[in-house]
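Enquirer: Got a structure for you, questions after.
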Amino acid sequence: MKELLFSGVQPTNVPHIGNYIGALKQWAELQHKHRSLFCIVDLHAITVPQDPKKLRQNILDTAAVYLAVGLDPKRCAIYVQSEVPEHVELSWILGTIMKISELERMTQFKDKSKKRGENVGVGLFTYPALMAADILLYDTTLVPVGEDQMQHVELARTIARRFNSNFGDTFTVPQPLIQKVGARIMALDDPKVKMSKSGAPVSFISLTDEPDAILKKIMRAVTDSGKDVVYDTVKQPAISNLMTIYHHATGKNMKEIENEFTGKGYGDFKAALADAIIAMLAPIQTKLNEYKKDPTELGRILDAGRDAASKLAGEKMKIVRERVGLGRS
Ligand code: TYM
């Protein structure tokens, strides 16, 4: 079977190194192997309140981030979710066969709704139907994501199978693609929670953080009670998290990192880690500034991505409408 890759990031603020290590960095590698679609999922972003002006800016800035991390519009389609309305149409249809009990089990919904209390819109609850639609619309075979999105991809698989059994074979059942190391980067101030854009500024490093800020945040990062730089996610979760970041920034494996810091303390390790992150982000930041200065070129890339995605989505939705019996023949 020919592989097709689909993934997306929400255009809410600047992505952090968790998004980069867990998702964006892999995308840049995978685009060379498979046909790929990378979406800026603005309809997902509005499941919590957004400032409309900021959202529009964030959409363009996220497109610039996609390019800056190395996505090549000649190799993949880069587009904005709301510009291909078939996502919403399919999401509605899939929502009719998704069970309330399945949605209630979603960890992300439980976490986010606990934080927001009464202030939760229905969209936050039905979010996985939209995510399933994103994936199934293109007969996606591979979905590269961080670990936190695994449950949503699993539900997309269940829904694909259910739709196929109710209405006849229509959708490909996708596979999640999760890295062995780095699929869940933890917060710098608390290794028990994942790094998140909604955390305190000291808890994450954004892709646009200046060297000074990176150094400060890493030096302040929580460490474990031991003093050796040893990879052990159970006994030393904080240092293991920092080692995971170092691994991705330098390409060194855990043994090499342990050897490098034998007999040295956390302080030396943290200084080297800050340098490695600064070096990893420098070329991304340079490119990001260039792309941000050229909205015309960004617009051209997003138009071409939208056209390519629309063509595939339109063809698929014709089949889906017919299978479900919607409209007229
Ligand atoms: P989002 O925008 O929250 O995150 C984008 C990607 O970054 C990964 N990620 C992480 N990886 C490692 N460590 C972390 N701390 C970390 N935080 C985030 C996420 O797993 C994700 O891969 N619902 C999705 C976007 C989406 C999507 C899709 C993804 C919408 N439709 C279809 C794949 C396929 C989301 O909110 O990602």
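Enquirer: Just the number, please: carbon plus sulfur as a percent of the accessible area of segment 15-90, 1.4 Å probe, no ligands or DNA/RNA counted.
Expert: C and S fraction of accessible area: 53 percent.
Enquirer: Please give the calculated 222 nm ellipticity per residue for the chain, where each DSSP H segment of at least 4 residues contributes -39500 (n - 2.57) and the sum is spread over every residue; nearest 500 deg cm²/dmol?
Expert: -17000 deg cm²/dmol
Enquirer: Does the chain come out rounded, prolate or oblate by the C-alpha gyration tensor, with a ≥ b ≥ c the root eigenvalues, rounded set by a/c under 1.5 and, if not, prolate when a/b is larger than b/c and oblate if not?
Expert: Prolate.
Enquirer: Based on Cβ point charges of +1 for Lys and Arg and -1 for Asp and Glu, what charge dipole magnitude is obtained for the chain about its Cα centre, in debye rounded to the nearest 20?
Expert: 520 debye
Enquirer: Is the C-alpha gyration tensor of segment 52-124 telling us rounded, prolate or oblate? Criteria: a/c under 1.5 is rounded; beyond that, a/b larger than b/c is prolate, otherwise oblate.
Expert: Cα axes put segment 52-124 in the prolate bin.
Enquirer: Still on this structure, please answer the following. I want the local charge near L188. Using Cβ-Cβ distances under 11 Å, sum +1 for each Lys or Arg and -1 for each Asp or Glu among the other residues.
Expert: Summing Lys/Arg as +1 and Asp/Glu as -1 gives +2.
Enquirer: Here is a further query. In what sequence, largest accessible area first, do R35, R157 appear using a 1.4 Å probe?
Expert: The ranking, largest first, comes out as R35, R157.
Enquirer: Follow-up question, since we're still on this one. Taking the Cα centre of segment 208-289 as origin, work out the dipole magnitude from +1 charges on Lys and Arg Cβ and -1 charges on Asp and Glu Cβ, in debye rounded to 20.
Expert: Here segment 208-289 has a charge dipole of around 100 debye.
Enquirer: Between beta-carbons, use under 12 Å as the cut-off and find the net charge around T172, counting Lys and Arg +1, Asp and Glu -1.
Expert: After counting each charged neighbour, the total is +1.
Enquirer: Return the whole-Å distance between the Cα centroid of segment 301-328 and the Cα centroid of segment 251-285.
Expert: 46 Å
Enquirer: Explain nothing, just the number: relative contact order of segment 222-329, from Cα pairs under 8 Å at least 6 residues apart, as a whole percent.
Expert: 19 percent
Enquirer: If you don't mind, there's one more thing I want to ask. Hey, got the dipole for segment 192-231? About the Cα centre, +1 on K and R Cβ, -1 on D and E Cβ, debye to the nearest 20?
Expert: Around 200 debye, computed over segment 192-231.
Enquirer: Around Q31, under 12 Å between beta carbons, what's the net of Lys plus Arg minus Asp minus Glu among the other residues?
Expert: Here the count lands on +2.
Enquirer: Rounded to the nearest 10 Å², what accessible area does H34 have for a 1.4 Å probe in the complete protein model?
Expert: 40 Å²
Enquirer: Let me ask something else about it. Chymotrypsin sites (Phe, Trp or Tyr not before Pro) within segment 51-148: which are DSSP loop residues with at most 14 other Cβ atoms inside 10 Å?
Expert: The qualifying sites: there are none.
Enquirer: In addition: What does the accessible area of M280 come to, in Å² to the nearest 10, when a probe of 1.4 Å is used?
Expert: Result for M280: roughly 20 Å² accessible.
Enquirer: Write down the accessible area per residue of the chain in Å², having rolled a 1.4 Å probe over the full set of protein chains.
Expert: 49 Å²
Enquirer: Just how many % of Cα pairs in segment 208-289 lie over 14 Å apart, if you round to the nearest whole percent?
Expert: 61 percent
Enquirer: Using alpha carbon centroids, what distance separates segment 156-198 and segment 107-129, in Å?
Expert: Cα centres, segment 156-198 to segment 107-129: 17 Å.
Enquirer: OK, next. Just to confirm the filter: which GluC sites (Glu not before Pro) across segment 81-140 are DSSP coil and have at most 16 other Cβ within 10 angstrom of their Cβ?
Expert: E118
Enquirer: Heavy atoms of the protein only, probe of 1.4 Å, neighbouring chains included. What is the accessible area of K99 in Å², nearest 10?
Expert: Probe radius 1.4 Å; accessible area of K99 about 110 Å².
The values are calculated or read from the model by the stated rules, or taken from the named source; none is laboratory data. These numbers were taken from a predicted model, which means no experiment stands behind them. For neighbour counting, all protein chains shown are included, and Cβ atoms are generated from backbone atoms with ideal geometry for every residue, glycine included. Accessible surface areas use protein heavy atoms only, side chains included; no ligands, DNA or RNA. Shrake-Rupley method; radii C 1.70, N 1.55, O 1.52, S 1.80 Å.
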